[in-house]
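Heads up, the thing below is written out as structure tokens.
The values are calculated or read from the model by the stated rules, or taken from the named source; none is laboratory data. As the structure is a computational prediction, the values presented were derived from the model and not from experiment. A quick note on method: Cβ atoms are made from the backbone with ideal geometry, for glycine too, and the neighbour counts reach across all protein chains shown.
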Amino acid sequence: MDWSFIGQHIPDYLSGAGVTLRFGLYGVGCSLLVGLICCLCRYFRVPVFTWLARLYTELARNTPLLVQLFFLYAGLPRVGVKLSADACAVIGLTFLGGAYMAEAFRSGLESVDQTQKEAGECIGLTRGQNIRYVLLPQALATAVPAIFANVIFLIKETSMFSVLAMMDLMNVADTLRTSGGRTVEVLFMLAAAYLLILMPVSLIAYWVERRLRYAGFGDQRPV
């Protein structure tokens, strides 16, 4: 293990980690929004949108992110639609992540006892208030592990961004490996970089889940 090589290239990995984390967070944020919208459409059986949400979910979950990125970056220009590498990265990760987030939210909503919804209606809550104050808080407590598992999965999937010539962690590592021939050191730094990014996410997930359950959002008691 050449520690001088590792110390020399730490700035390169920090730069790549910044790209990975920035676009990973963009994709995760958009995925949460898309997933919640699709989930609500399916849960409340909104006409037409329910079918579209189900079609989108199955299409996104059953095609690899690599194929989706190639379609956005190399396929769309053939029909006159040109997107930057940055835009392709965010759209691709959102397209994939939104489907997984939708399923996580849906499983959380379906875990809430029907009496909770009925109790909210009995005390005069509107549908929007029932969703906001009764259903979503309880569903979130159940869905938190799945949501954060998806967050970790999506951040790891940013390794596919290297096909867009973005200088993310994977591209930095590949460049150093081919130019310097230090495969062991390069892979060690790559694994360490992903670990340093993802471990805090796991700890935050554990903390959020405990806080939600401590606050009683996971209780299935009548409102």
Fill in the blank from the handout: All-but-one check, Asp168 against (1) at pLDDT below 85; (2) closer than 27 Å to Glu110 by Cβ, failing number (2)
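Quickly run through the range 110-169 and pick out the residues that are among the acidic types (Asp, Glu), assigned to a helix (DSSP H, G or I) and farther than 30 Å from Gly16 by Cα.
Looking only at the range 110-169, we keep the residues that are among the acidic types (Asp, Glu), and these are 110, 113, 118, 121, 157, 168.
Subsequent filtering for residues that are assigned to a helix (DSSP H, G or I) retains 110, 118, 121, 157.
Hits for the range 110-169 are Glu110, Glu118, Glu121.
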Exercise for the section: Restrict the check to the range 212-223 and report whether at least one residue is basic (Lys, Arg) and modelled with pLDDT under 85. Expected result: yes
Handout entry: Condition broken by Arg54, with the remaining ones in (1) under 17 Å from Glu103 (Cα atoms); (2) of a type in the set (D, E, K, R); (3) not in a helix (DSSP H, G or I) satisfied
Key = (3)
Practice task
Could you pull out the residue among Val201, Val144 that is within 27 Å of Tyr56 (Cβ to Cβ), of a type in the set (Val, Ile, Thr), surrounded by fewer than 19 Cβ atoms within 10 Å (Cβ to Cβ) and touching a residue at least 24 places away in the same chain (Cβ under 8 Å)?
Solution key: Val201
Practice task
Kindly provide the set of residues from the range 18-40 that are surrounded by fewer than 18 Cβ atoms within 10 Å (Cβ to Cβ) and under 22 Å from Ala193 (Cβ atoms), ordered by number.
Solution key: Gly18, Leu21, Arg22, Leu25, Tyr26, Gly29
Practice task
Within the range 96-105, identify whether any single residue is of a type in the set (Ser, Thr, Tyr), assigned to a helix (DSSP H, G or I) and either within 19 Å of Phe23 (Cα to Cα) or out of contact with any Gly (no Cβ under 6 Å at 6 or more places or on another chain) (or both), and answer yes or no.
Solution key: yes
Completion exercise
For the range 62-82 the number of residues that are among the basic types (Lys, Arg) and closer than 15 Å to Glu157 by Cβ is 0
Handout entry: Search result, residues across the range 75-134 that are hydroxyl-bearing (Ser, Thr, Tyr) and farther than 24 Å from Leu52 by Cα
Key = Ser84, Thr115, Thr126, Tyr133
